[in-house]
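*Asks:* I am attaching a structure below and will ask some questions about it afterwards.
The values are calculated or read from the model by the stated rules, or taken from the named source; none is laboratory data. The shown structure was predicted, so the numbers you read here are calculated from the model rather than taken from an experiment. We place every Cβ from the backbone using ideal geometry, glycine too, and count neighbours over all the protein chains shown.
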Amino acid sequence: MAKTLAEKVWEAHVVRRAAGEPDLLYIDLHLVHEVTSPQAFDGLRATGRAVRRPELTLATEDHNVPTIDILKPIADPISKAQVDALRANCAEFGVPIYSLGNVEQGIVHVVGPQLGLTQPGMTVVCGDSHTSTHGAFGALAFGIGTSEVEHVLATQTLPLKPFKTMAINVDGELPVGVTAKDVTLAVIAKIGTGGGQGYVLEYKGSAIRALSMEGRMTVCNMSIEAGARAGMIAPDETTFEYLKGRDRAPAGAMWDEAVAYWATLPSDADAKYDAEVFIDASTLSPFVTWGTNPGQGLPLTANVPSPADAVDETDRVAIENALEYMGLTAGMPLRDIKVDTVFVGSCTNGRIEDLRAVAEVLKGRKVASGMRMLVVPGSVRVKHQAEAEGLDVIVKDSGAEWREAGCSMCLAMNPDKLAPGERSASTSNRNFEGRQGPGGRTHLVSPAVAAATAIKGHLAAPADL
Amino acid sequence: MEKFITHTGTAAPLRRSNVDTDQIIPAEYLKRITRHGFEDGLFGAWRKDSDFVLNQPAYQGVSILIAGPDFGTGSSREHAVWALQDFGFKVVLSSRFADIFRGNSGKGGLLTGLVDQADIELLWAAVEANPALEVTVDLDKREVRAGDLTATFEVDDYVRWRLMEGLDDIGITMKHGDVIAEFEVKRPAFMPTTA
Ligand code: SF4
């Protein structure tokens, strides 16, 4: 029977199947960080269980680590307790860890791919919903909760019910200045924050195939914001090219064997999806969010919507609440929204290509007066590469801050936060109330829009400069 | 885990859609490294408002939450389930749940019952008219009963079985250790390791 990419990867990992029970799926790579793991290790300790495959497990410190003075003791006592707990747990259970100061440290979803640990056809899990990022390689990758983290640590498997599949076809050519982030924001606005529920999304079509691995990761990363469990893109030459020669990628004869297998993974031509969505790439433009969930987004050229435009009562209340929280007036042009903080970073847009896009816009320009702009590389490796290319100098010359790697203002668990009422343009993935600090207001944007906004002081695209 | 067959208690109406896990338990509470004591952070931002339903005297001691559609969206944090449980909730009813939240709930022993929005509206009206109304959630019959109202709810068969048996996931899987070991022998050699 014809199978989709997701179904092929699933079938290759079924350890045990029994009627009326979820399939028991083998997990090839388990990524761990300081926030969702302490209670899982606690559980193992309480039940006297060991980590079954420490060498298929990797820990990194990212969610709440500071992005300045990283070699000093962490000032925040709770962050320190979590990081210390992770280090102690990894030592006790034999799990490899990349701590602050290690050249491989960084956001877990940036670290896995750049090491070549994330490969096509794998199952990848992490106690973080943006694990969907790794689907860009044709891996089945999804976020899990802390008790599932404990389950994978103890058994290297997870009992799971099959997902449905949805094809997101993005065909045609993206207009100049339109990026992967705009594609994903447009997809979410189209299908809604609940539209992907129960599905694994497979992004296909010529516009997706034309994306770099970085762009594909951005798209898959945000799948969770459409409610989907995972997002995937079939592996192809772009994927192989990215992986070749990376630290943990296979080499020599193993490489050939792996590529031969990976080439069998793309969905069969006649495979059936449970749902399909079609998007014409040529109609897309820079996209920004105006509300308090990632589905509340519009082209930058649009106006803030009005509760009167709502499709139903629930929607009307949602728009009303969002406008109130965001401090926006219905009907005002999105371009008139003044921003005081710009955040570039996160597992959505904290990779080298994103920093290059930002530097290209900032080059020879200054950020608006009073503007705070933070540029936070997704990993130490990304930071080093950017510095080798001189991007840090461009960033600093423009008046923006150049920081150490971590999640930073994506979720504001470290000192990088919005104050109440402050407004950011952010390349991260969530604009929920309070996500970037209590009372903070977030507009999700692409790296290029973030940079242009920093210069103009209001939401803007590079074309506006 | 305690067995869950039926539960009777009072219920609170949460007339909001798209309640994401950042609202259920704000990120600042996630820094803890213990597994209990998250009740103080439940709906952290809203609890500062004295009008918020859980702050109203009539809804003290509730154990059933009747929520709007798309409950539990957003981050996968299981703390959302713990916070609800630590606060005293045994059941959340909604017409739509986010997948990860629902999965986390089943594992933690918090029942998430999928109820038609029309029945949610009736339940809201009933508990708003009488906050002291006894609500019974019958997992065996997959029924919610409140006064003369009876609504059915959907729950995954496997999750239901586990809740009713009070079984822990890891213990079930570890019984299949030999099958896992057999699978491991056949994994391709080109797959990466982290060590
Ligand atoms: S960057 Fe943001 S979304 Fe990504 S792993 Fe860190 S906190 Fe999660």
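*Asks:* Being within 16 Å of the ligand (Cβ to nearest atom), over 30 Å from B:F43 (Cα atoms) and touching a helix residue (DSSP H, G or I) at 6+ places or on another chain (Cβ under 9 Å) is the requirement here; does A:A452 meet it?
*Replies:* no
*Asks:* Whether any residue in segment A:273-284 is among the hydroxyl-bearing types (S, T, Y) and within 14 Å of chain B (Cβ to nearest Cβ) is what I want to check.
*Replies:* No - not one qualifying residue is present in segment A:273-284.
*Asks:* Grab the helices (runs of 4 or more DSSP H) fully contained in segment A:1-112, keeping just those with 2 or more residues being away from every other protein chain (no Cβ under 13 Å).
*Replies:* On the way: elements: A:5-11, A:38-47, A:77-93.
Hits in segment A:1-112: A:5-11, A:77-93.
*Asks:* Can you pull out the residues in segment B:5-45 that are modelled with pLDDT of 95 or more and aromatic (F, W, Y)?
*Replies:* B:F43
*Asks:* Let me ask you something else. So which residues in segment A:150-171 are of a type in the set (A, V, I, L, M, F, W, C) and under 24 Å from the mean Cα position of the chain (by Cα)? Give the derivation first.
*Replies:* In the first step, residues of segment A:150-171 are kept if they are of a type in the set (A, V, I, L, M, F, W, C); the result is A:152-154, A:158, A:160, A:163, A:166-168, A:170.
Listed by number, the residues that qualify are A:V152, A:L153, A:L158, A:L160, A:F163, A:M166, A:A167, A:I168, A:V170.
*Asks:* Follow-up. Are there any strands (runs of 3 or more DSSP E) wholly within segment B:102-195 with 2 or more residues that are touching a Ser or Thr at 6+ places or on another chain (Cβ under 9 Å), and if so which?
*Replies:* The qualifying strands (runs of 3 or more DSSP E) are B:111-114, B:135-138, B:143-146.
*Asks:* Could you list, in sequence order, the residues of segment A:316-329 that are under 24 Å from A:S285 (Cα atoms) and out of contact with any helix residue (DSSP H, G or I) (no Cβ under 6 Å at 6 or more places or on another chain)?
*Replies:* Correct list: A:A322, A:L323, A:M326, A:L328, A:T329.
*Asks:* With the requirement that a residue be facing chain A (nearest Cβ under 10 Å) and either within 16 Å of B:K107 (Cβ to Cβ) or in contact with a Gly (Cβ under 9 Å, 6 or more places away or on another chain) (or both), what does segment B:163-187 give you?
*Replies:* Once the filter is applied, which keeps residues that are facing chain A (nearest Cβ under 10 Å) and either within 16 Å of B:K107 (Cβ to Cβ) or in contact with a Gly (Cβ under 9 Å, 6 or more places away or on another chain) (or both), segment B:163-187 yields B:D168, B:D169, B:I170, B:G171, B:I172, B:T173, B:M174.
*Asks:* Given the conditions (1) within 14 Å of another protein chain (Cβ to nearest Cβ); (2) under 26 Å from A:A450 (Cα atoms); (3) in contact (Cβ under 8 Å) with a residue 40 or more places away in the chain, and given that A:G227 satisfies all but one, which numbered condition is not satisfied?
*Replies:* Going through (1) within 14 Å of another protein chain (Cβ to nearest Cβ); (2) under 26 Å from A:A450 (Cα atoms); (3) in contact (Cβ under 8 Å) with a residue 40 or more places away in the chain one by one, A:G227 breaks only (3).
*Asks:* How many residues does segment B:170-195 hold that are surrounded by 14 or more Cβ atoms within 10 Å (Cβ to Cβ) and in contact with a Pro (Cβ under 7 Å, 6 or more places away or on another chain)?
*Replies:* Looking only at that region, the number is 3.
*Asks:* Read through the list (1) in a loop (DSSP other than H, G, I, E, B); (2) crowded, with 22+ Cβ neighbours inside 10 Å, then give the number of the only condition that A:M409 fails.
*Replies:* (1)
*Asks:* Can I ask one more? For A:R316, all conditions in the list (1) under 22 Å from A:V342 (Cβ atoms); (2) surrounded by 14 or more Cβ atoms within 10 Å (Cβ to Cβ); (3) without any contact (Cβ under 8 Å) to a residue 40 or more places away in the chain hold save one; what is the number of the exception?
*Replies:* All conditions are met except number (1).
*Asks:* Related question: Find the residue count for segment A:116-135, including only residues that are under 18 Å from A:D247 (Cβ atoms) and of a type in the set (A, V, I, L, M, F, W, C).
*Replies:* Of the residues in segment A:116-135, 3 are under 18 Å from A:D247 (Cβ atoms) and of a type in the set (A, V, I, L, M, F, W, C).
*Asks:* Take A:K363 and decide whether it is closer than 23 Å to A:T289 by Cβ, away from the ligand (no atom under 16 Å from the Cβ), basic (K, R) and away from every other protein chain (no Cβ under 14 Å). Talk me through it step by step, then tell me what you get.
*Replies:* Working: closer than 23 Å to A:T289 by Cβ: no; away from the ligand (no atom under 16 Å from the Cβ): yes; basic (K, R): yes; away from every other protein chain (no Cβ under 14 Å): yes.
It is false that A:K363 is closer than 23 Å to A:T289 by Cβ, away from the ligand (no atom under 16 Å from the Cβ), basic (K, R) and away from every other protein chain (no Cβ under 14 Å).
*Asks:* While we're on this one: Looking at (1) away from chain B (no Cβ under 13 Å); (2) of a type outside the set (D, E, K, R); (3) surrounded by fewer than 24 Cβ atoms within 10 Å (Cβ to Cβ), can you tell me which one A:G195 breaks?
*Replies:* Of (1) away from chain B (no Cβ under 13 Å); (2) of a type outside the set (D, E, K, R); (3) surrounded by fewer than 24 Cβ atoms within 10 Å (Cβ to Cβ), only one is false for A:G195: (1).
*Asks:* Residues that are of a type in the set (G, A, S) and buried (at least 23 other Cβ atoms within 10 Å of the Cβ), at least 1 per element: which strands (runs of 3 or more DSSP E) completely within segment B:1-91 meet that? Steps first, answer last, please.
*Replies:* Details: elements: B:6-9, B:11-14, B:64-67.
Once the strands (runs of 3 or more DSSP E) in segment B:1-91 are filtered for at least 1 residues that are of a type in the set (G, A, S) and buried (at least 23 other Cβ atoms within 10 Å of the Cβ), what remains is B:11-14, B:64-67.
*Asks:* Tell me whether segment A:153-162 contains one or more residues that are of a type in the set (S, T, Y), more than 16 Å from the ligand (Cβ to nearest atom), closer than 22 Å to B:L110 by Cα and in a helix (DSSP H, G or I). Explain how you work it out, then say what you get.
*Replies:* Keep residues of segment A:153-162 that are of a type in the set (S, T, Y), which gives A:155, A:157.
Subset that is more than 16 Å from the ligand (Cβ to nearest atom): A:155, A:157.
From the residues that got through so far, the ones that are closer than 22 Å to B:L110 by Cα too are none.
Checked segment A:153-162: no residue is of a type in the set (S, T, Y), more than 16 Å from the ligand (Cβ to nearest atom), closer than 22 Å to B:L110 by Cα and in a helix (DSSP H, G or I).
*Asks:* For residues in segment A:417-431 being surrounded by fewer than 24 Cβ atoms within 10 Å (Cβ to Cβ) and assigned to a loop (DSSP other than H, G, I, E, B), which is farthest from the ligand (Cβ to nearest atom)?
*Replies:* Here the answer is A:G421.
*Asks:* If A:N414 meets every condition in (1) in a loop (DSSP other than H, G, I, E, B); (2) of a type in the set (S, T, N, Q); (3) at pLDDT 95 or above; (4) within 15 Å of the ligand (Cβ to nearest atom) apart from one, which number is that one?
*Replies:* Failing condition for A:N414: (3).
*Asks:* Another question, then. Which one is farthest from the ligand (Cβ to nearest atom) among residues in segment A:113-127 that are in a strand (DSSP E or B) and β-branched (V, I, T)?
*Replies:* Let us first name the residues in segment A:113-127 that are in a strand (DSSP E or B), namely A:123-126.
Subset that is β-branched (V, I, T): A:123-125.
Numbers: A:T123: 19, A:V124: 13, A:V125: 13 Å.
The residue in question is A:T123.
*Asks:* Which condition number does A:V380 fail, the rest of (1) closer than 19 Å to A:S426 by Cα; (2) more than 14 Å from every other protein chain (Cβ to nearest Cβ); (3) within 16 Å of the ligand (Cβ to nearest atom) being met?
*Replies:* A:V380 satisfies every listed condition except (1).
*Asks:* Among the residues of segment A:383-398, are any within 16 Å of the ligand (Cβ to nearest atom), at negative phi and among the charged types (D, E, K, R)?
*Replies:* There is at least one residue in segment A:383-398 that is within 16 Å of the ligand (Cβ to nearest atom), at negative phi and among the charged types (D, E, K, R).
*Asks:* Same structure again: Do you know which residues across segment A:128-143 are more than 10 Å from the ligand (Cβ to nearest atom) and touching a His at 6+ places or on another chain (Cβ under 8 Å)?
*Replies:* Once the filter is applied, which keeps residues that are more than 10 Å from the ligand (Cβ to nearest atom) and touching a His at 6+ places or on another chain (Cβ under 8 Å), segment A:128-143 yields A:H134, A:L140, A:A141.
*Asks:* Taking the residues in segment B:92-101 that are at pLDDT below 95 and crowded, with 24+ Cβ neighbours inside 10 Å as candidates, determine which candidate is farthest from the other protein chains (Cβ to nearest Cβ).
*Replies:* Within segment B:92-101, the match that is farthest from the other protein chains (Cβ to nearest Cβ) is B:F101.
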